[in-house]
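These notes concern the structure reproduced below.
The values are calculated or read from the model by the stated rules, or taken from the named source; none is laboratory data. All of these numbers come straight from a predicted model, not from anything done at the bench. As a convention, Cβ positions derive from the backbone with ideal geometry for all residues, glycine included, and neighbour counts pool all protein chains shown. Side chains included, ligands, DNA and RNA excluded: accessible areas come from the protein's heavy atoms. Shrake-Rupley method; radii C 1.70, N 1.55, O 1.52, S 1.80 Å.
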Amino acid sequence: MRTETVTLTNMCMICDGDKILVQDKIGDVWGGVTFPGGHVEKGESFTDAVIREVFEETGLTIRSPQLCGIKD
């Protein structure tokens with residue numbers, strides 16, 4: 001049996017009219033201007049992970065995020 005270790009992450013683009021929320025992460029491994037997001041924990045769905053990460057990083061509670069792309 002073949003196995004491979006993978007790391008799953010997510011990012012969430014939050015829009016309010018013509019405004020888009022971004023973060024300027026300073027001194028972080030993933031530094032620079034980016035959307036809120038982070039790692040998907042073992043056993044966690046992508047939806048639950050992005051909702052959790054957005055709340056942890058911004059304090060915002062989101063519902064029903066929509067997938068807009070995948071990058072591997």
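Going through region 12-29 one residue at a time, which ones are over 12 Å from the mean Cα position of the chain (by Cα) and on the phi < 0 side of the Ramachandran plot?
CYS15, ASP16, ASP18, LYS19, ILE20, LEU21, ASP24, LYS25, ILE26, ASP28, VAL29
Consider region 1-48. How many of its residues are touching a residue at least 40 places away in the same chain (Cβ under 8 Å) and not in a loop (DSSP other than H, G, I, E, B)?
Selection size over region 1-48: 2.
If I filter region 30-71 down to residues being closer than 13 Å to LEU8 by Cα and of a type in the set (Ser, Thr, Tyr), which single residue comes out as farthest from the chain's Cα centre (by Cα)?
Across region 30-71, the extreme among qualifying residues is SER45.
Please count how many residues of region 57-72 are out of contact with any helix residue (DSSP H, G or I) (no Cβ under 7 Å at 6 or more places or on another chain) and either surrounded by 12 or more Cβ atoms within 10 Å (Cβ to Cβ) or in contact (Cβ under 8 Å) with a residue 40 or more places away in the chain (or both).
Final tally of qualifying residues: 3.
Of (1) among the β-branched types (Val, Ile, Thr); (2) part of a loop (DSSP other than H, G, I, E, B); (3) surrounded by 10 or more Cβ atoms within 10 Å (Cβ to Cβ), VAL54 satisfies all except one. Which?
(2)
Could you list, in sequence order, the residues of region 21-51 that are open to solvent by 70 Å² or more (accessible area, probe 1.4 Å) and in contact with a strand residue (DSSP E or B) (Cβ under 7 Å, 6 or more places away or on another chain)?
Correct list: VAL22, ASP24, VAL33, HIS39, PHE46.
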